[in-house]
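Undergrad: Submitted below is the structure of interest, expressed as structure tokens.
We did not get these values from a lab; they are worked out from the coordinates using the rules stated. Remember, predicted model here, so these are calculated numbers, not experimental data. As a convention, Cβ positions derive from the backbone with ideal geometry for all residues, glycine included, and neighbour counts pool all protein chains shown.
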């Protein structure tokens, strides 16, 4: 930065000093609570391994980078792959055209099976046909509940978003909610819209949808606060993703509102919040199960000719409710990032 | 360019000591027009217009705590918009600013958690990392002479990938672990993410930091040699170098300032939400740039102010929250936002044209 030249030693002196200082600081500044040390001890479950011939399965999803939900799906798929002596090839792209290319890529690699999410089924129709022509079995997971049969997929593992929404609505009736805010973190997402619509269908009170900018947490927080101020009669905030539920709890406090928070989907911080009573309940579509069953389903088909769901019906992985009554048991697994 | 850049910092402030200016041409123009020619006046009027509009359209906005909420939202944009604006006045911009915020938060969170250290260690290392990213951007720009669009597009993509990959590698998840029960957390939270009460209204500390940083940036820009350097390198790099302005130092330090901003906002996010999602922050860089541009900074550099982006960020926060307070159909949310922002920019442009026309 300084344009006059320094002798080498002088230039590096501050760096050395800084490194030394950092080392000293690190040594003296360990935290006595929390942190990695307290987490260790949670061992992973390990199981036996199948002796069937090695096969390759491609899992192609519409994951956006860094989404905790998809990470859990992937972990489930990896667990099944490890057990079934499968090499798992994971790829993802939220753009439907790119996702179709990734499926094509898997066909070119001559994989033994493809598991694919059908967020935008029309874009994938062509390439799935190609896979079937090439004799590669294809199963669906997560999204595409109403389209998987049309596309001739073998099996489907997922949650019916409308059914989940309807179950959520019924639960809201049970707990006596009157006016519900439904927070959507991604405008125009079909699955999220179905959830809110499902809630509205069975819920007897009023449902107000609200879009928020899911990639900017402070904005999510202030937007929910603003909405609670605008309509003080809101008594339940429903979020469609776990991280947003935790933020909604803060918004409720900021707005001085008495509203309670419930959510779709789960993660390990959410479990803590349910234990603490900050969040009333969560509906879990069991993403781990979706990834696990999709890969395992392909293995069963290849090695034993089985059709999960009988080849007629989808295999539903949700909605499973998590609330104070069962949170302790699920919490153990969530701490490992598998629920 | 060089005409406006000289005019911008000097108009309504007394001339710096030892540098007496009595330019007859500016004297003759009426005070109102001279005020209007300031870069921040357009956006100030725009912000007032938006505020008045929502005071009428959305009754809850009239409440003090709603205003605190709007200011909070504005401050999280505004703290980053300030260094981004200074950088823009210096003739460059930084596309990596949005994800750099998350990089900083991830660094602090993972380092403290994985090594079970006092969170302050993570906070300080994150500061070093953020400054280093800024320095790297600046250094690459100066060394290669490539446009900042390309250089920072590169770092934007790199950081986006690194954020994800390292988080996954270190934690096994795509979000960091909760650090709220660790030593030093409460202290750091006080600094970066606390709330205090003013007349029954809870105000977030970021609002105070935002205004303090804005005051500091204004002072630096208008009253210090460094401020003159910023205008000079943004106006014309070569003539600035010819008159003895340390162009390399100025540019690199401006990028490091953005790094500092990213660190600060990153720490705020970490200490107010306890964990960080590694995929966040993408797209925020454009909002910071938009706030600076609405605030009267020219994309071409050499012109702008530090107070303008404050109003720019306020306008963003006001519109974003105002739509919610007004209870409008949420499907139209983004469209409303776009229309109001375009409208604001047009007012801004019109005011400036009218004011600077002879």
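Undergrad: Per the Kirkwood definition applied to all pairs of different Cα atoms, how many angstroms is the hydrodynamic radius of the stretch B:38-356?
TA: Value: 20.1 Å, from the Cα pair sum.
Undergrad: Helix B:307-325 versus the longest principal axis of chain B: what is the Cα-based angle in degrees, 0 to 90, to the nearest 10?
TA: 60 degrees
Undergrad: What's the long-distance tail for the stretch A:211-339, i.e. % of Cα pairs beyond 22 Å?
TA: Every Cα pair in the stretch A:211-339 considered, those over 22 Å come to 46 percent.
Undergrad: So what's chain A giving for Rg/Rh, alpha carbon basis, Kirkwood Rh from the mean inverse pair distance?
TA: Taking Rh as the inverse mean 1/r over Cα pairs, Rg/Rh reads 1.07.
Undergrad: Next up: By counting other Cβ atoms within 10 Å of each Cβ, how are A:203, B:314 ranked from fewest to most?
TA: A:203, B:314
Undergrad: Could you sort the peptides A:112-125, A:301-314, A:77-90 by per-residue average Cβ neighbour count (10 Å cutoff), highest mean leading?
TA: The packing order, highest mean first, is A:112-125, A:77-90, A:301-314.
Undergrad: Report the normalised scattering of the stretch A:96-138 as log10 I(q)/I(0) at q = 0.19, 0.22, 0.23, 0.26 Å⁻¹, calculated by the Debye formula with identical scatterers on the alpha carbons.
TA: Debye output, listed in q order: -0.46, -0.62, -0.67, -0.86.
Undergrad: Where does each of A:96-109, A:57-70 land if you order them by average Cβ count within 10 Å, highest first?
TA: A:57-70, A:96-109
Undergrad: While we're on this one: As a test of the formula, what do you get for chain B when each DSSP H run with n ≥ 4 contributes -39,500 (n - 2.57) and the sum is divided by the residue count, at 222 nm and rounded to the nearest 500 deg cm²/dmol?
TA: -23500 deg cm²/dmol
Undergrad: What does the average come to when, for each residue of peptide B:110-119, you count the partner chain Cβ atoms lying within 10 Å of its Cβ?
TA: 6
Undergrad: So what's the stretch A:69-131 giving for Rg/Rh, alpha carbon basis, Kirkwood Rh from the mean inverse pair distance?
TA: Ratio value, two decimals: 0.97.
Undergrad: How tilted is helix B:284-294 with respect to the longest principal axis of chain B? Cα atoms for both, answer in degrees (0 to 90, nearest 10).
TA: 20 degrees
Undergrad: Next question, about the same structure. Rounded to the nearest 500, what is chain A's calculated 222 nm mean residue ellipticity when only DSSP H runs of at least 4 contribute -39500 (n - 2.57) each, over all residues?
TA: Taken over chain A, the calculation gives -15000 deg cm²/dmol.
Undergrad: Same structure again: Averaged across A:58-68, how many Cβ atoms of other chains sit within 10 Å of each residue's Cβ atom?
TA: So the per-residue partner count for this stretch is 4.
Undergrad: Using Cα atoms only, what is the angle between the long axis of helix B:225-235 and the major principal axis of chain B, expressed in degrees (0 to 90) to the nearest 10?
TA: 80 degrees
Undergrad: Averaged over its residues, how many other protein chain Cβ atoms are within 10 Å of peptide B:273-280's Cβ atoms?
TA: 6
Undergrad: What translational D, rounded to a whole number of µm²/s, comes out for the protein assembly as shown from Stokes-Einstein when the hydrodynamic radius is the Kirkwood one over Cα pairs, at 37 °C and 0.692 mPa s?
TA: Translational diffusion coefficient: 120 µm²/s.
Undergrad: Throw me the Rg/Rh for the stretch A:161-284, computed over C-alpha atoms with Kirkwood Rh, two decimals.
TA: Across the stretch A:161-284, the Cα-based Rg/Rh ratio is 0.92.
Undergrad: Can you sort B:311, B:44, B:196 so the residue with the fewest Cβ neighbours within 10 Å comes first?
TA: By the 10 Å Cβ count, ascending: B:196, B:44, B:311.
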